[in-house]
Each structure stands twice: as C-alpha cells, then as structure tokens.
Amino acid sequence: MTLLSIRDLTVYHGQLRAVDGLSLEVERGEILAIIGANGAGKSTLLRAVAGLNPPASGSITLDGTDITRLPAHKRVSAGIALVPEGRRLFRSLTVEENLLAGAYRRRPGAWNLARVHELFPWMADRRGQNAAQLSGGEQQAVAIGRALLSNPALLLIDELSLGLAPVVVRRIYEVLPDIVTAGTTALLVEQDVSQAMRVADRLHCLLEGRSVLRGRPRELTPEQVEHAYFGIG
Ligand code: ATP
C-alpha cells in the first residue's frame, strides 16, 4: 500500500531547478533510499516532503491526503518526521530533553522514551548529559529518537551516515528494521551507495533533480548504478 506519493514535483532554489518533475512512491513498511551525487537534489526533495522547501508545481500525498501546501508543523501532526542533515540538536539541552522535544506534536502510537531506550540503551544511562558532549553518531541516534517520539508514519533521514564513524552508522542501520517493524516507514538520503544498497528495500538514484534509476538493490547491477549516479550514457 502506498504511504507517500510524489507526482511531478518541481522545486526551485532561486533560478535553479533543484528537483525537476520528479515522481516517486513510498510503500508502507519499506525502507526507500535516495542516492545521487552532490547537488542532485536529494536534500531538497526530503525537505519538500517535510514542508521546508515549497514546490513550484506537482503534488505530495500522504496516505491519500494531499499535503502539498500543508505547513511543516502540521506535517508532523500528519505523520512526517525529518531527521535533518547535521542533526540539529539543542546542544545545551540534555539527551533526554532533546528526545522529549520530539514529543511536542506527538501522535498516538507505539513510540515512547522507553522504546527509544530499548533501541539505544546508552541513551538511558546518559540521559542527563548535554548533547554537545555526544559524538556525531550519538547525536544522529538522538535525532532519530527525537523524530520517533512524534510517532511518525514516515521517517525522513537526511544524509544518515555523512561524517560519522562507521561503527555508529552500523548500529543505526541495525535498528532501522526494528523501527520499520514497529510501524514506521523510512525514506532516507544516503551518500554512501553501498550502504544504501545493503539497507534499502528499494532505491532511487537522482541526477540533476530527476529520478534516473529505481529498483530493488539486488535487481540492479553496479554498472547501472554507477552510470545513473554519474550521468553516463
Ligand atoms: P548534497 O549531497 O550536496 O547535499 P543534494 O543531492 O542533497 O546534495 P541539494 O542539497 O538538494 O542536493 O541541492 C540541489 C541543488 O540546489 C544544488 O545545486 C545546490 O547547490 C542547490 N541548493 C540547495 N539548497 C540551496 C539554497 N538554500 N539556496 C540556493 N541553492 C541551493
């Protein structure tokens, strides 16, 4: 069943068409990864879904409801949570305070502090520590926990592994299937193509704002992915 449907979406930054007539669908219960080179439009697409980059044309539908013009804060209530690039935690607040910030526009659902602690047990032990003292990977995990506390139907994660230690990234990817099993669908932007191929049920490769390749990782050859990524052929 389709959870998110994007149709002919175009988003500009000034004169630049960062997303160019793009269509894609995210099925409920899947992990869909967006890959593509720097500047391909991945972040702009995710931010458009979150309501942060208004589209010039096209539509975004969540669970059959058109949300194209819905302000960002209402999308949280509608079931969309974004883990932004760079995490954006409140650095002077504690781990727990950061997590609870995500419960501000909470929908009913399975996620609460205890369940987030089950995913990342260290967060319980370090609940009183300032976010500024965490490593980048730990901050990423807190940002994901914060997003989960709004009980999203759709979790958007921008550049999940960018600049983070591989061991931490692995741990986050290990819990992603548990998150999906708990009823949250995941749409993520991943810079690391092999990581995306390992974790995603399906992926889309963007090039200059368009989706140029889509499919299940095991059905795509490395050559296809490389050609799409670099725009060869
Ligand atoms: P990256 O991996 O570098 O973040 P990306 O695929 O996420 O790349 P976007 O960040 O969506 O790409 O950027 C798409 C294009 O839009 C790029 O050419 C970028 O320079 C431009 N762009 C992004 N944000 C802005 C902005 N706020 N103002 C102007 N141009 C922007």
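The values are calculated or read from the model by the stated rules, or taken from the named source; none is laboratory data. All values derive from a computational prediction rather than experimental measurement. Methodologically, a virtual Cβ is constructed for each residue, glycine included, from the backbone with ideal geometry; neighbour enumeration extends over all protein chains shown. Ligands, DNA and RNA are excluded from the accessible area calculation, which covers all protein heavy atoms including side chains. Shrake-Rupley method; radii C 1.70, N 1.55, O 1.52, S 1.80 Å.
Please enumerate the residues belonging to segment 58-102 that are assigned to a loop (DSSP other than H, G, I, E, B), of a type in the set (A, V, I, L, M) and more than 17 Å from the chain's Cα centre (by Cα). Outline the logic, then answer.
Step one: filter segment 58-102 for residues assigned to a loop (DSSP other than H, G, I, E, B), giving 63-64, 67-71, 79, 84-93, 102.
Filter once more, so that each one left must be of a type in the set (A, V, I, L, M): 67, 70, 89, 93.
Answer for segment 58-102, where residues must be assigned to a loop (DSSP other than H, G, I, E, B), of a type in the set (A, V, I, L, M) and more than 17 Å from the chain's Cα centre (by Cα): ILE67, LEU70, LEU93.
Considering (1) within 27 Å of TYR104 (Cβ to Cβ); (2) away from the ligand (no atom under 16 Å from the Cβ); (3) of a type outside the set (Asp, Glu), say which one THR2 fails and leave the rest. Unmet for THR2, out of (1) within 27 Å of TYR104 (Cβ to Cβ); (2) away from the ligand (no atom under 16 Å from the Cβ); (3) of a type outside the set (Asp, Glu): (1).
Suppose we keep only residues that are away from the ligand (no atom under 14 Å from the Cβ) and touching a residue at least 60 places away in the same chain (Cβ under 8 Å) within segment 48-77. Which one would you say is least open to solvent (accessible area, probe 1.4 Å)?
At the first step, the residues of segment 48-77 found to be away from the ligand (no atom under 14 Å from the Cβ) are 51, 57-77.
Right, trim to touching a residue at least 60 places away in the same chain (Cβ under 8 Å) and you get 62-63, 76.
Details: LEU62: 9, ASP63: 88, VAL76: 42 Å².
Looking at residues that are away from the ligand (no atom under 14 Å from the Cβ) and touching a residue at least 60 places away in the same chain (Cβ under 8 Å), I get LEU62.
For the list (1) within 16 Å of the ligand (Cβ to nearest atom); (2) part of a loop (DSSP other than H, G, I, E, B), I need the number of the one condition that ARG105 fails. Answer for ARG105: the failing condition is (1).
Of all the listed residues (LEU24, LEU45, LEU16), the sole one being near the ligand (Cβ under 8 Å from one of its atoms) and either surrounded by fewer than 22 Cβ atoms within 10 Å (Cβ to Cβ) or free of Cβ contacts under 8 Å to residues at least 12 places away in the same chain (or both) is LEU16. The set of residues from segment 27-42 being out of contact with any helix residue (DSSP H, G or I) (no Cβ under 9 Å at 6 or more places or on another chain) and either within 13 Å of the ligand (Cβ to nearest atom) or open to solvent by 30 Å² or more (accessible area, probe 1.4 Å) (or both) comprises GLU27, ARG28, ASN38, GLY39, GLY41, LYS42.
Of the helices (runs of 4 or more DSSP H) lying entirely inside segment 117-233, those containing at least 2 residues that are surrounded by 15 or more Cβ atoms within 10 Å (Cβ to Cβ) span 136-148, 166-181, 193-199, 222-230.
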